[in-house]
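Enquirer: Quick one: the structure is below, questions incoming.
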Amino acid sequence: MFDLLSKEERVSYESFLEFSKLHVSANTSSWEKNEAISEEIKQLCAKEGYMGGAIPTEYGGKGWDFVTYGLFNEAIGRNSVSLSGLFNVHTMVAQTILKWGTEIQKEKWIRRMASGEIIGAFALTEPVAGSDVQGIETEYRLENDKLVLNGCKRWITFGGIADLLVVFGKIDGKPIACLVEKNTPGLTINPVGDMLGFKASHLAILNFENCIIEKENIIGREGFAFQYIAPYALEFGRISVAWAALGIVRGCLENCGQYAMDRKTFGNRLIEHGMIQTMITEMGVDLEASKLLCLKACKTKDNHLPKATEEIMYAKYFTTKAAVKHSANAVQILGASGCKGTSSVSRYYRDSKTMEIIEGSNQIHEMILGKSFARKGKKMISKSII
Ligand SMILES: Cc1cc2nc3c(=O)[nH]c(=O)nc-3n(C[C@H](O)[C@H](O)[C@H](O)COP(=O)(O)OP(=O)(O)OC[C@H]3O[C@@H](n4cnc5c(N)ncnc54)[C@H](O)[C@@H]3O)c2cc1C
């Protein structure tokens, strides 16, 4: 991938890899066991400016472009998708405010998010509705010129420790998104716990009971939340997940390469056996394909091309599927060592399955991309496919 990056991107990526190796790799297992990332890593990420990586410099962030943001997620995701999940949702919230928020909201929140003083979380899913967001039941009601919020959100990444939540609901049947602070009276937060993957990402259930919210906290316009606000944020989420899944595929190849070259069975190194060669070849080629899709998605986004939305979906869809396939094969190649709960490949196996569900499941991607590719296919009959 290095040959396709600019000098600045290469330098940034090397520093991310170094950070991940030094501060993430050795601690992942204990975070997973404790179902929590450490206070220390949060502070370190804030000190390095990573909480504001994707936030513009005018608000105290680093102003990364999409490619750099992707590379960061790859380097962190290689060792902990629970931690890359933090940057995922925090960035979704910051970008939601930057794109749709008022100047007052930006001044109030964005600098503090860039410094890591506050953490953001994105609350859309409910017990009654996930893929089908139109079905959410959380309700905002106008009373004495204030909003009264009632409802329940579930599976909220970093909801357990976030300070600021973007909470989707309906007002008079119209979708709306509002900023809600953690200490709002009537809000109770409980951990989900015992997840298959993303074990250290502080997933929470949020209950809102007659919470009073200022009207100034509405983001964008009433009626806009599903059509504009959520899809815009989800693009950032998909970029994060796609690149973190790429980190997992790289991790699979690194673990399998080492084991297959060193381990001997039936008088030969594992890599001399054809069945192992097949699995490692597919892993390596999918790694290369995933890199290209992730890079192309971010370059189209950096260039503000309308096709970026679909390109990001290709990258998320392909790379998470590749991570599921190759993490399963990686466990197979490492045998019993791969079955140990603390091994990297067993973590990849659990995390990658989860990645096919979040930020629009594979089926939701297929509902959109299937028809889109069919339309393209029809047009291609008389044109070149390149
Ligand atoms: C680790 C983790 C972190 C998460 N973080 C957040 C977060 O920060 N914020 C947030 O709001 N949510 C979060 N979620 C929730 C996530 O977005 C939802 O799980 C996801 O949208 C799917 O919704 P669901 O689980 O309710 O599944 P459902 O919508 O009930 O769907 C169940 C299954 O049916 C499939 N399906 C649904 N409709 C169709 C259809 N028409 N055709 C074919 N198949 C279909 C789905 O793909 C899925 O496989 C998180 C979930 C997990 C696991």
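Bear in mind that the values in this text are calculations on the coordinates, not laboratory data. Only a predicted model underlies this, so the values are computations on that prediction, with no experimental measurement involved. No Cβ is skipped: glycine too gets one built from the backbone with ideal geometry, and neighbour counts run over all protein chains shown.
Enquirer: Among Val241, Val148, which comes first, then next, by fewest other beta-carbon atoms within 10 Å?
Expert: Arranged by neighbour count, lowest to highest, Val241, Val148 become Val148, Val241.
Enquirer: Another one. Starting with the fewest neighbours, write out Arg154, Arg375, Arg221, Arg238 ranked by other beta-carbon atoms found within 10 Å of each beta-carbon.
Expert: Lowest count first: Arg375, Arg221, Arg154, Arg238.
Enquirer: Which lysines have a Cα lying under 17 Å from the Cα of Lys301, excluding residues fewer than 8 positions away in the same chain?
Expert: Lys301 reaches Lys99, Lys291, Lys316.
Enquirer: In Å and whole numbers, how far do the C-alpha atoms of the chain stretch along each principal axis, longest first?
Expert: 80, 57, 41
Enquirer: Once both labels are modelled 7 Å past Cα along the beta-carbon direction, what's the Leu4-Lys371 spacing in nm?
Expert: Taking the two extended label points, one gets 3.0 nm.
Enquirer: Please work out whether region 226-373 counts as rounded, prolate or oblate from its C-alpha gyration tensor, where a ≥ b ≥ c are the square roots of the eigenvalues and a/c under 1.5 means rounded, while otherwise a/b larger than b/c means prolate and anything else oblate?
Expert: Cα axes put region 226-373 in the prolate bin.
Enquirer: Do you know the relative contact order of region 222-291, to the nearest whole percent, from alpha carbon pairs under 8 angstrom that are 6+ apart?
Expert: 28 percent
Enquirer: Test of understanding: given the chain, find the longest segment containing no GluC sites (Glu not before Pro) that are in a DSSP loop and have at most 13 other Cβ atoms within 10 Å.
Expert: It runs 215-386.
Enquirer: Here's another thing I want to ask about it. Using alpha-carbon pairs under 8 Å, 6+ residues apart, how would you state the relative contact order of the chain in percent?
Expert: Relative contact order here is 16 percent.
Enquirer: Here's a follow-up. State the extension gain, in nm to one decimal, for the chain segment bounded by Asp194 and Val128, taking 0.36 nm per residue of separation less the distance between their alpha-carbons.
Expert: Result for the pair: 21.7 nm of gain on full extension.
Enquirer: Here is a follow-up. Please report how far the C-alpha centroid of region 235-264 lies from that of region 342-386, rounded to the nearest whole angstrom.
Expert: About 18 Å separates the Cα centre of region 235-264 from the one of region 342-386.
Enquirer: For Lys215 and Glu117, compute 0.36 nm times the residue count separating them, minus their Cα-Cα distance, and round to one decimal in nm.
Expert: 32.9 nm
Enquirer: I would also like to ask the following. In nanometres, what is the gap between the two model label sites at Gln258 and Val285, each 7 Å from Cα along Cα-to-Cβ?
Expert: In this crude label model, Gln258 to Val285 measures out at 2.7 nm.
Enquirer: Helix-only mean residue ellipticity at 222 nm, the chain, DSSP H runs n ≥ 4 weighted -39,500 (n - 2.57), per residue, nearest 500. What is it?
Expert: That calculation yields -17000 deg cm²/dmol at 222 nm.
Enquirer: In nanometres, what is the gap between the two model label sites at Lys106 and His304, each 7 Å from Cα along Cα-to-Cβ?
Expert: 1.4 nm
Enquirer: Neighbouring Cβ atoms within 10 Å as the yardstick, rank Thr96, Thr57 fewest first.
Expert: Listed from fewest to most nearby Cβ atoms, that is Thr57, Thr96.
Enquirer: From the phi angles alone, apply the Karplus equation (6.51, -1.76, 1.60; θ = phi - 60°) to region 217-227 and give each ³J(HN,Hα) in whole Hz, x where the residue is Gly or Pro.
Expert: So the J values, rounded to whole Hz, are 8, 5, 9, x, 9, 4, x, 8, 4, 7, 7.
Enquirer: Full-extension gain between Ile364 and Ser29, please, as 0.36 nm times their residue separation minus the C-alpha to C-alpha distance.
Expert: 117.4 nm
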